[in-house]
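Down below is the structure, laid out as structure tokens.
The values are calculated or read from the model by the stated rules, or taken from the named source; none is laboratory data. This is a predicted model, so every value here is computed, not measured. Every residue, glycine among them, receives a Cβ derived from its backbone with ideal geometry; neighbour counts consider all protein chains shown.
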Amino acid sequence: MTASTLDVPAPSGAVGEPVLEIENLSVDYGYTDDATHVLRDVSLTLHRGEVLGLAGESGCGKSTLAYAATRLLPPPGLITSGSVHFTGRDGQRTDVLRQSDAELRASRWQDTAIVFQGAMNSLNPVYRIGRQIADGILAHRPGMRRKEAWDQAASLLEMVGINADRLRDFPHQLSGGMRQRVMIAMALALDPQVLIMDEPTTALDVVMQRQIVEEIADLRERLGFSVVFITHDVSLLIEIADRIAIMYAGDIVEDAGAQDVYRRPRHPYSAALLHSFPPLRGERRELTGIPGSPPDMQKMPPGCPFAPRCAHATDVCRQVRPVLGPTALADRGGREAERSVACHLHDADLEGIDGTLPTDLAR
Amino acid sequence: MAQDTTFTEEQAAPERAVEHDVDDPRRAKRFLFLRNGKALTGLGILLFFGILAVVGPWIAPYDPNQVSADLLQPPSWSHWLGTDHTGRDILSQIVVGTRGVLVVGLIAGVSATVLGVIVGVTAGFIGGMGDETLSALSNVFLVIPQLPLIIIIAGQLPTAGGVTVALVIGITGWAWGARVMRAQTLSLRKRDFVEAARANGERTWRLVLAEVLPNLTAIIAAGFVGTVTFAVMSQVTLAFIGITPVSDWNWGTILFWAQNNLALQRGAWWWFVPAGLCIALLGMALTLVNFGIDEFVNPRLRSTGMNARLLRRRRIRPRIGFTPVLRTPPDGRPDVGTTARTTRKERS
Amino acid sequence: MRFAVRRTIFYLITAWAAVTINFLIPRLMPGDPVTALMGRMQGRIDSNAEESIRVLFGLDTDASVWQQYVDYWGLLLRGDLGLSFTFFPTPVSEIVQQALPWTIGLVGVATIISFTLGTGIGVAIGWRRGTWADALLPITTFFSAVPYFWLGLIAITVFSVTLGWFPSSGSYDRGLVPTWSWEFVGSVIYYGFLPALTVVLSSIAGWILGMRNMLVTVSSEDYVTVAHAKGLPERRVMVGYAARNAILPQVSNFALSLGFVVGGTLIMEMVFSYQGIGYTLFQAVNTQDYPLMQGCFLVITLAVLGANIIADFVYAALDPRARQEG
């Protein structure tokens, strides 16, 4: 973790200050004692103006994290502990998890907007897209006239490269890429500070993926919001993200700058994940999958959840669950000191760990 | 059938909600159905009536046709449910009549389901013009009001005994099942395993028997239960309006005699209330079984561990759009099951 | 306008099928009950009417089936449904014409009330899952399992025999002359209240359950979550996003189950001796009045078809995807 989790009010809107701080968030599926613990004590900080990538295999909890932080997780999701602090432009710091329904409703879309996975199902099929953009605006701007909201919707559409006369179209009249653009336009309607994008490009073809990603990068440049970009496609993240958090079985296992994760992964899982995608640029290398499959969240082993699939696992890995902490190379200083990893290999104090990392994790 | 409305094309599609990141607990699916309280209650009631249908004539205290001097008696120790206008025992009529109701329901249910499966699966599988024709046919049968159709057919038959009526109901009542089956077959046909089997050169009839039908079991069961419900209602209605022979005992016949002998005006509630309650109970049992199947097929309808009392105690209100947050008691964090973990920062 | 064309073709086919079924039924039946009745009526039927009954029931065995079919259509298109045996010598078409408005008034109004109310309650229950509202479900399940006519019997026992609030049979005060006077209309409403209430009570459960299940399903669609994420007021999410989409299958189910519902509610007319088509059909069955039975069935089917067409228009108005051309 970076030092920014300290309880200090941030100066208004300064770049680099935390805007969304998730601390020790735990989430269950199910309300009974045998509920599945899908997130355990997850902490993550998003800074102002930053693009944070959240990656991992499907089922690792990355979407759950995003939906829990916005309290949009559907039943039987249950947040059992933790806090999610949002810092507004005025420096006001609020815990989203302690807000009343009315407060939460009022802050949604203004503070944090979301672009959902699969734009096909994210748009109400029976309303014109103009109406769907406008009703989000009108809900937060009481007294605004319908006409004004529609005008604003028109300029939002133009901003994402769609002709304004499409406002009167129904979702089924648009192509997949256009629908995703509409979703982005809709999400930016109230000039939010945080934009959560849940696999926004998964359903699109490669050309469209590229266009959308460039669109997002460009809009962020102009509007200055922060992005949480969720995807299983790590190579895409390296292109767009400033920082990447890798998730595995409901835990964040590595949190570092995008280029650092890419060039110098410190967690065996990150290294393995990177090797299962072709690199976008640079030298060719052999692709290797990750042997085995993610653990059953219902029956989690006591130690490190990755241990059964890990080439470097030791006895301690199978007994004690590692937590996020500094890397073994933190003495190198600089950016290395800012990264964190949840792996016993980095903890020389432990029995059976000699403190020297395997070569592929020590670059 | 209005109670079957949950099975539409939209719903027959596989679940694809927000990525939950975690699969439903992989429990033995087969037992899930039996664990469903609703389905279990329904099956229990059905079992009761089933036994009654088998042993009814032997355990009935009187011959249902035997007239006696106790005319229109309210319930008493000798006649638990009273007597009718000619002194016949009503309890015996109900007990003996159970068999007639269940047999007709079963025959009609089986024949309609078989027809529905044949038409529906064929339509869904062959596609093209054949599909169009068969779908149009089942839609026509859906739109034509069944009960009046059954009434005019049964009314013109020289004798409309139980089996005849059952077959008439079966022949007119298959359309709903066919429609549901077609939709489901269509979505199945596009799935990978069917495509794979087809690519392997599997014969069509084998493909249908081995790959498609087993995946339709739940839907077929639901269709069957729905048709049985409809058949029971239709048959009782036909008996009530006097189209089927009034000497065949079933619950509708009792109501026929009651209605035609002014039981209502005479205040003889014991004559028509118990028979109606039996019909309602049987209908409810069938509906409950169908609910069980519904929830089995459509997990969104299932209330996952939503024990109302437990939720109230933990102050959780599950709803969409506002994930409940467990309020921490003042003495510390509730135990969420994770082993206590000290951070490495603290140690170092 | 492909949607409209497709539907029109479908309705034409259905109408044709209903007429053809009507044509076939008496011809497929074993025995010849009509000939026997004709024998009894000997000399009282004029030759013209006798001819149409012969055509309607296929008594002309010398003519080919095709010729019979053509003649049959000819009669129908002239509006000739034969003569009623019971109400001899009134033409069937006349009896049906008198009965139909009563049925449309009673069953139509009650069905619309039931659908609207049931859909509304279904939304309320489906939206508040896991609260006290779920307790309504077992009650609705019970009502959905009760045969319509039995509920009618109970209603008569309670409200007219015991309490004496409403008349137990008939459709208006026989002492009044049918005119558009307040007194007469009031009487019609008074007499119709109990049957209508029973129709609503017995059919509403199906709509409640159907809408509740649809709403539960639709509520987990992404666009509902998006609506929540947009911070829309809860009412807007419920009505504009969840219910607005859940009602689409509800409307198409309405069209499809109309035949079923109408069949059940017609029995109600029999219980209440309400002078509509259902009661007429009941009388025709009891007196073996075959021409009247056939006529009633044909009219009921066509009426249901008409209601289906209206439901289709409503659906097209609600769903932009159905209106799409091509």
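Sort out which residues of segment B:259-274 are in a helix (DSSP H, G or I) and facing another protein chain (nearest Cβ under 8 Å), and write them in order of number.
In the first step, residues of segment B:259-274 are kept if they are in a helix (DSSP H, G or I); the result is B:259-260, B:263-266, B:269-274.
Those that are in a helix (DSSP H, G or I) and facing another protein chain (nearest Cβ under 8 Å): B:Gln259, B:Leu264, B:Gln265, B:Trp269, B:Phe272, B:Val273.
If A:Arg146 meets every condition in (1) more than 10 Å from chain C (Cβ to nearest Cβ); (2) buried (at least 18 other Cβ atoms within 10 Å of the Cβ) apart from one, which number is that one?
Condition not satisfied by A:Arg146: (2).
The rows are residues; the columns are (1) within 23 Å of A:Ser43 (Cα to Cα); (2) modelled with pLDDT of 80 or more; (3) outside any loop (DSSP other than H, G, I, E, B).
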site: A:Leu273; (1), (2), (3): yes, yes, yes
site: A:Arg284; (1), (2), (3): no, no, no
site: A:Gly292; (1), (2), (3): no, no, no
site: A:Pro305; (1), (2), (3): yes, yes, no
site: A:Pro308; (1), (2), (3): no, yes, yes
site: A:Cys317; (1), (2), (3): yes, yes, yes
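Filter segment B:71-99 for residues that are assigned to a helix (DSSP H, G or I) and in contact with a helix residue (DSSP H, G or I) (Cβ under 7 Å, 6 or more places away or on another chain); which is nearest to B:Arg266 (Cα to Cα)? If you could, list the steps in order and put the result at the bottom.
Filtering segment B:71-99 down to residues assigned to a helix (DSSP H, G or I) leaves B:90-99.
Narrowing the set further to residues that are in contact with a helix residue (DSSP H, G or I) (Cβ under 7 Å, 6 or more places away or on another chain) leaves B:90, B:93-99.
On the way: B:Ile90: 16, B:Gln93: 20, B:Ile94: 20, B:Val95: 24, B:Val96: 25, B:Gly97: 24, B:Thr98: 26, B:Arg99: 29 Å.
Taking the candidates together, the pick is B:Ile90.
Quick check on this structure: which one of A:Gly176, A:Gly143 is farther than 17 Å from C:Ala227 by Cα and in contact with a helix residue (DSSP H, G or I) (Cβ under 9 Å, 6 or more places away or on another chain)? Give the derivation first.
Numbers: A:Gly143 fails: in contact with a helix residue (DSSP H, G or I) (Cβ under 9 Å, 6 or more places away or on another chain).
Just a single option satisfies the conditions, and that option is A:Gly176.
Return the residues of segment C:284-314 that are without any contact (Cβ under 8 Å) to a residue 60 or more places away in the chain, more than 23 Å from B:Val140 (Cα to Cα) and crowded, with 22+ Cβ neighbours inside 10 Å; say none if nothing qualifies.
Answer for segment C:284-314, where residues must be without any contact (Cβ under 8 Å) to a residue 60 or more places away in the chain, more than 23 Å from B:Val140 (Cα to Cα) and crowded, with 22+ Cβ neighbours inside 10 Å: just C:Val285.
Tell me, please, whether a residue that is in a helix (DSSP H, G or I), of a type in the set (A, V, I, L, M) and under 26 Å from C:Val19 (Cβ atoms) can be found in segment B:100-107.
No, there is no match, as no residue in segment B:100-107 is in a helix (DSSP H, G or I), of a type in the set (A, V, I, L, M) and under 26 Å from C:Val19 (Cβ atoms).
Taking segment A:44-81 as the region of interest, how many residues are within 9 Å of chain B (Cβ to nearest Cβ) and either in a strand (DSSP E or B) or under 12 Å from A:Thr112 (Cβ atoms) (or both)?
Number of matching residues: 9.
Grab the helices (runs of 4 or more DSSP H) fully contained in segment C:1-70, keeping just those with 1 or more residues being modelled with pLDDT of 80 or more, surrounded by 16 or more Cβ atoms within 10 Å (Cβ to Cβ) and of a type in the set (S, T, N, Q).
On the way: elements: C:2-28, C:33-40, C:47-57.
In segment C:1-70, the matching helices (runs of 4 or more DSSP H) lie at C:2-28.
Looking only at segment A:114-132, count how many residues are more than 7 Å from every other protein chain (Cβ to nearest Cβ) and under 30 Å from A:Ser58 (Cβ atoms).
5
Tell me which residues, restricted to segment A:244-270, are crowded, with 24+ Cβ neighbours inside 10 Å, in contact with a helix residue (DSSP H, G or I) (Cβ under 7 Å, 6 or more places away or on another chain) and not in a loop (DSSP other than H, G, I, E, B).
A:Ile244, A:Ile246, A:Met247, A:Tyr248, A:Val253, A:Glu254, A:Val261, A:Pro268, A:Ser270
Among (1) buried (at least 22 other Cβ atoms within 10 Å of the Cβ); (2) in contact with a Ser or Thr (Cβ under 7 Å, 6 or more places away or on another chain), where does A:Tyr67 come up short?
(2)
With the checklist (1) closer than 14 Å to B:Leu91 by Cα; (2) assigned to a helix (DSSP H, G or I) in hand, flag the one item B:Gln235 doesn't pass.
(1)
Filter segment A:161-218 down to the residues that are in a loop (DSSP other than H, G, I, E, B) and in contact with a Leu (Cβ under 8 Å, 6 or more places away or on another chain), then identify the one that is farthest from A:His47 (Cα to Cα). Spell out how you get there, then give the answer.
Residues of segment A:161-218 that are in a loop (DSSP other than H, G, I, E, B), as a first pass: A:161-163, A:169-170, A:174-175, A:188-193, A:199-205.
Now restrict to residues that are in contact with a Leu (Cβ under 8 Å, 6 or more places away or on another chain): A:163, A:188-189, A:191, A:201.
Details: A:Asn163: 33, A:Leu188: 18, A:Ala189: 21, A:Asp191: 17, A:Thr201: 23 Å.
Across segment A:161-218, the extreme among qualifying residues is A:Asn163.
Conditions first: (1) modelled with pLDDT under 75; (2) in a helix (DSSP H, G or I). B:Asp23 passes all but one, so which condition is the exception?
(2)
Go through A:Arg89, A:Arg108 for me and flag whichever is buried (at least 23 other Cβ atoms within 10 Å of the Cβ) and basic (Lys, Arg).
Numbers: A:Arg89 fails: buried (at least 23 other Cβ atoms within 10 Å of the Cβ).
Sole residue among the options that is buried (at least 23 other Cβ atoms within 10 Å of the Cβ) and basic (Lys, Arg): A:Arg108.
Exactly one of (1) surrounded by 24 or more Cβ atoms within 10 Å (Cβ to Cβ); (2) under 30 Å from A:Leu104 (Cβ atoms); (3) among the β-branched types (Val, Ile, Thr) is unmet by C:Val262. Its number?
Only one criterion is unmet by C:Val262, namely (2).
Inside segment A:82-113, can you point out the residues that are away from chain C (no Cβ under 14 Å) and either of a type in the set (Ser, Thr, Tyr) or part of a strand (DSSP E or B) (or both)? Talk me through it step by step, then tell me what you get.
Pass one, segment A:82-113, residues away from chain C (no Cβ under 14 Å): A:82-85, A:87-95, A:97-98.
Of everything in segment A:82-113, those that are away from chain C (no Cβ under 14 Å) and either of a type in the set (Ser, Thr, Tyr) or part of a strand (DSSP E or B) (or both) turn out to be A:Gly82, A:Ser83, A:Val84, A:His85, A:Thr87, A:Arg93, A:Thr94, A:Asp95.
Table: residues versus (1) among the aromatic types (Phe, Trp, Tyr); (2) crowded, with 17+ Cβ neighbours inside 10 Å; (3) over 15 Å from B:Ile220 (Cβ atoms).
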position: B:Val95; (1), (2), (3): no, yes, yes
position: B:Val104; (1), (2), (3): no, yes, yes
position: B:Val110; (1), (2), (3): no, no, no
position: B:Val114; (1), (2), (3): no, no, no
position: B:Val117; (1), (2), (3): no, yes, no
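For segment A:136-153, name all the residues that are outside any helix (DSSP H, G or I) and either of a type in the set (Phe, Trp, Tyr) or more than 18 Å from A:Leu167 (Cα to Cα) (or both).
So in segment A:136-153, the residues outside any helix (DSSP H, G or I) come out as A:141-145.
The answer is A:Arg141, A:Pro142, A:Gly143, A:Met144.
Among the residues that make up segment A:78-100, is at least one of them acidic (Asp, Glu) and more than 28 Å from A:His232 (Cα to Cα)?
Taking segment A:78-100 as the starting set, the residues that turn out to be acidic (Asp, Glu) are A:90, A:95.
From what's left, more than 28 Å from A:His232 (Cα to Cα): A:90, A:95.
Within segment A:78-100 (the criterion being acidic (Asp, Glu) and more than 28 Å from A:His232 (Cα to Cα)), the answer is yes, since at least one residue qualifies.
If A:Val15 passes every condition in (1) at pLDDT 90 or above; (2) over 14 Å from the mean Cα position of the chain (by Cα) but one, which one does it miss?
(1)
Take A:Leu156 and decide whether it is farther than 15 Å from A:Gln211 by Cα, touching a strand residue (DSSP E or B) at 6+ places or on another chain (Cβ under 8 Å) and hydrophobic (A, V, I, L, M, F, W, C).
Numbers: farther than 15 Å from A:Gln211 by Cα: yes; touching a strand residue (DSSP E or B) at 6+ places or on another chain (Cβ under 8 Å): no; hydrophobic (A, V, I, L, M, F, W, C): yes.
No; evaluated as a whole, the condition is false for this residue.
Working carefully through the options B:Ala199, B:Ala263, find the one that is surrounded by 22 or more Cβ atoms within 10 Å (Cβ to Cβ), more than 26 Å from B:Trp174 (Cβ to Cβ) and at pLDDT below 80. Steps first, answer last, please.
Details: B:Ala199 fails: surrounded by 22 or more Cβ atoms within 10 Å (Cβ to Cβ).
Every option except B:Ala263 fails the conditions.
Does C:Arg128 qualify as being under 30 Å from C:Val218 (Cα atoms) and surrounded by fewer than 22 Cβ atoms within 10 Å (Cβ to Cβ)?
Answer is yes for this residue.
Which condition number does A:Val115 fail, the rest of (1) in contact with a helix residue (DSSP H, G or I) (Cβ under 6 Å, 6 or more places away or on another chain); (2) at positive phi being met?
The number of the failed condition is (2).
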